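*Asks:* Here's a structure for you.
The values are calculated or read from the model by the stated rules, or taken from the named source; none is laboratory data. The structure presented is a predicted model; accordingly, all values stated were derived computationally and were not measured. A quick note on method: Cβ atoms are made from the backbone with ideal geometry, for glycine too, and the neighbour counts reach across all protein chains shown.
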Amino acid sequence: MAELASQLDLPEVAPPPPHPVRKSIERTWSGLWPKVGAILLTLIVWQLVVWSGWRPQSALPGPWPVLNRLASDLSHLDFYAGMGVTLRRAALGYAIAAAAAIVVAILIARIELARRSVGSLLVGLQSMPSIAWLPFAILLLQRSESAITFVVVMGAAPAIAAGLLSGIDHVHPLLIRVGRAMGADGLRLYRHVIIPAALPAFVGGLKQGWAFAWRSLMSAELLVAAANQTSIGQLLQSAGKLLDMQQLLAIMIVIFVIGIAIDSLFSDLDRLVRRRWGLLGSEA
Amino acid sequence: MWTALEPEIVVSNLLALSEKHALSVERLSVAFLHGDQVLLALDGTTFEVKRGEFVCVVGASGSGKTTLLNVLAGLDRPSAGRAHVHGRVALIFQESALLPWLTAAGNVELALELRGAPASARHKLASELLGRVHMAGFEKRRPHELSGGMKQRVALARALAQDADVLLMDEPFGALDAISRDLLHEELLRIWRESHLTILFVTHNAREAVRLGDRVMVFSSRPGRVAHEVHVDLPRPRSLDSPELAVIAGRITDRLKREVTYG
């Protein structure tokens, strides 16, 4: 009788299962329309400023010729080659930064001396504009691919390490007790308990690290023409030199869109992790 | 005074079947350094728990109950004395001690993995264990999708997955509503009857202790030691609302109050 009661009790206390598909469509739409609205508003304001005759068309072309130019750029293979070079650099620099950050963060978390030495430097490194490393990188590595990668790494790594470290530091002590009580110790405790528990903060650090990496890369590409490779930064630089404002604005749009697209991938990852971890509150 | 005996924790699987006692605690003292003060959480505690016995520990907060469980589970070191555990230990906590990123089945499977169960058998074993605590059908739910009582059922399944001989429970139902708690009492007693588990159950609720335990130990406050002991010889199943149970629980509560007031 008592067991029957306990079985009957279960469905009532269980919260209803979520409807993932409908929810994700609703969420996509509700996330999309403000963005579409903002883009339209920007285009309208832009066009109005051009029509006002504040600056001549050569100095400030309207959105229509710029978008036309962008379309014709996008039909040229050279343009994709430049984008490819830039994205390859971003990926390489970001990957090195993430790998280095993981190692450094775990060392700092594990070793008290590392925390007192490197840990205190991390905050300073994070607030230092990574482009300040560029002259150093050029003297050290010449005007090469490596110099650009170096700047990207110095931009992204501190933010990623800080995110992971704060995640590790804020793992609930109860979870560590649970892990140890189940017999997990040393590396197994890290693998099964500490790293997964720190993951939401780590993803936050990865997202911030990407923003820093992208900024650093653009600065570095503007200043370093390495190995005669056409990159987005170089295209932007040469458009400026040729006083080609249409081309300049078209490339700025590309930079903006790439930045947003990758950032939104990180946002999705962030939301996914938080939902799985039960950190989204009512949405869960 | 409490350095007279060498601290020692012995966990012996070989002795598990032949020993009469599942737990023996002998003049156990645990001290913590708090700033430059030494806090004595346990002071010369001595008791034994027979194999298959269900013993409840009642004490006010600060009576070293959690410290006692930590020492028995091997998470804290004793300052002096001995704590012998004959067999494997599993620990159950008050709340939200499930790993939130794993499903109900995932939590149980992790315990199986850490115990060394072969990968191929884990999935089936986890389902069986969840079935034993009436959580069949909830394997894929994550902890935040479960109610408090259901989480503790999963925690129970996870503890069973550790294939323990001794279950240490640290106020496991303290955060639950009255009905969920009542149902979980029945569940726990059923599992205890079906298995050969020894249970040491810590609570601050005297009625809960009398309902569940063969024996109730009342701990004194700071430092903790066994101040009083009651053998509960009421027949099972016991009802939380029965007058006989209330009388015994009332005596324990009075004793507990004296411990808190006079230290």
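*Asks:* Got a sec? Which of A:Val193, A:Val203, A:Val178 is assigned to a helix (DSSP H, G or I) and within 20 Å of A:Asp263 (Cα to Cα)?
*Replies:* From the options A:Val193, A:Val203, A:Val178, the qualifying one is A:Val203.
*Asks:* May I pose another question? When you look at A:Val224, is it buried (at least 17 other Cβ atoms within 10 Å of the Cβ), of a type in the set (Val, Ile, Thr) and within 14 Å of chain B (Cβ to nearest Cβ), yes or no? Can you show your working first?
*Replies:* Details: buried (at least 17 other Cβ atoms within 10 Å of the Cβ): yes; of a type in the set (Val, Ile, Thr): yes; within 14 Å of chain B (Cβ to nearest Cβ): no.
So A:Val224 fails the test.
*Asks:* Another question, then. Can you give me the ranges of the strands (runs of 3 or more DSSP E) entirely in the range B:162-241 with at least 2 residues that are crowded, with 18+ Cβ neighbours inside 10 Å and touching a residue at least 60 places away in the same chain (Cβ under 8 Å)?
*Replies:* Values: elements: B:166-170, B:198-203, B:215-219, B:226-231.
Those strands (runs of 3 or more DSSP E) span B:166-170, B:198-203, B:215-219.
*Asks:* In this structure, does B:Arg51 turn out to be within 21 Å of the chain's Cα centre (by Cα), surrounded by fewer than 22 Cβ atoms within 10 Å (Cβ to Cβ) and more than 21 Å from A:Arg188 (Cα to Cα)?
*Replies:* yes
*Asks:* Further question: Between A:Leu134, A:Leu206, A:Leu189, which is farther than 29 Å from A:Ser231 by Cβ and modelled with pLDDT of 90 or more?
*Replies:* Just a single option satisfies the conditions, and that option is A:Leu189.
*Asks:* Something else: Assess whether A:Ile108 counts as being modelled with pLDDT under 95, aliphatic (A, V, I, L, M), assigned to a helix (DSSP H, G or I) and touching a Lys or Arg at 6+ places or on another chain (Cβ under 6 Å).
*Replies:* The answer is yes for A:Ile108.
Here is a yes/no grid of residues against (1) within 30 Å of A:Pro63 (Cβ to Cβ); (2) modelled with pLDDT of 60 or more; (3) surrounded by 11 or more Cβ atoms within 10 Å (Cβ to Cβ); (4) within 14 Å of another protein chain (Cβ to nearest Cβ):
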residue	(1), (2), (3), (4)
A:Ala2	no, no, yes, yes
A:Ser6	no, no, yes, yes
A:Pro15	no, no, yes, yes
A:Ile25	no, yes, no, no
A:Leu32	yes, yes, no, no
A:Lys35	yes, yes, yes, no
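*Asks:* Starting from the range B:140-154, take each residue that is farther than 21 Å from B:Ala178 by Cα and facing chain A (nearest Cβ under 9 Å) and list its partners that are surrounded by 19 or more Cβ atoms within 10 Å (Cβ to Cβ) and of a type in the set (D, E, K, R), counting only C-beta distances under 8 angstrom and pairs at least six apart or across chains.
*Replies:* Final answer for the pair search is B:Arg142/A:Arg276.
*Asks:* Could you pull out the residue among A:Ala161, A:Ala157, A:Ala98 that is surrounded by 14 or more Cβ atoms within 10 Å (Cβ to Cβ) and closer than 30 Å to B:Ala97 by Cα? Let's see the steps before the verdict.
*Replies:* Numbers: A:Ala157 fails: closer than 30 Å to B:Ala97 by Cα; A:Ala98 fails: closer than 30 Å to B:Ala97 by Cα.
That would be A:Ala161, the only listed residue that is surrounded by 14 or more Cβ atoms within 10 Å (Cβ to Cβ) and closer than 30 Å to B:Ala97 by Cα.
*Asks:* Going through the range B:162-191 one residue at a time, which ones are within 14 Å of A:Val178 (Cα to Cα) and facing chain A (nearest Cβ under 9 Å)?
*Replies:* Passing the criteria: B:Gln162, B:Leu168.
*Asks:* If only one of A:Ala197, A:Ala211 is surrounded by 18 or more Cβ atoms within 10 Å (Cβ to Cβ) and among the hydrophobic types (A, V, I, L, M, F, W, C), which one is it?
*Replies:* None of the others qualify; the one that does is A:Ala197.
*Asks:* Is it the case that B:Gly137 is part of a loop (DSSP other than H, G, I, E, B) and either crowded, with 24+ Cβ neighbours inside 10 Å or modelled with pLDDT under 90 (or both)? It would help to see each step written out before you state the result.
*Replies:* Numbers: part of a loop (DSSP other than H, G, I, E, B): yes; either crowded, with 24+ Cβ neighbours inside 10 Å or modelled with pLDDT under 90 (or both): no.
Considered against the rule, which asks whether it is part of a loop (DSSP other than H, G, I, E, B) and either crowded, with 24+ Cβ neighbours inside 10 Å or modelled with pLDDT under 90 (or both), B:Gly137 comes out as no.
*Asks:* Would you mind stating whether B:Gly74 is more than 14 Å from chain A (Cβ to nearest Cβ) and either touching a residue at least 12 places away in the same chain (Cβ under 8 Å) or assigned to a strand (DSSP E or B) (or both)?
*Replies:* In short, no.
*Asks:* OK, next. So B:Lys65 fits all but one of (1) farther than 18 Å from B:His144 by Cβ; (2) at the interface with chain A (Cβ under 10 Å from one of its Cβ atoms); (3) not aliphatic (A, V, I, L, M); what number is the exception?
*Replies:* If we test B:Lys65 against (1) farther than 18 Å from B:His144 by Cβ; (2) at the interface with chain A (Cβ under 10 Å from one of its Cβ atoms); (3) not aliphatic (A, V, I, L, M), just (2) comes out false.
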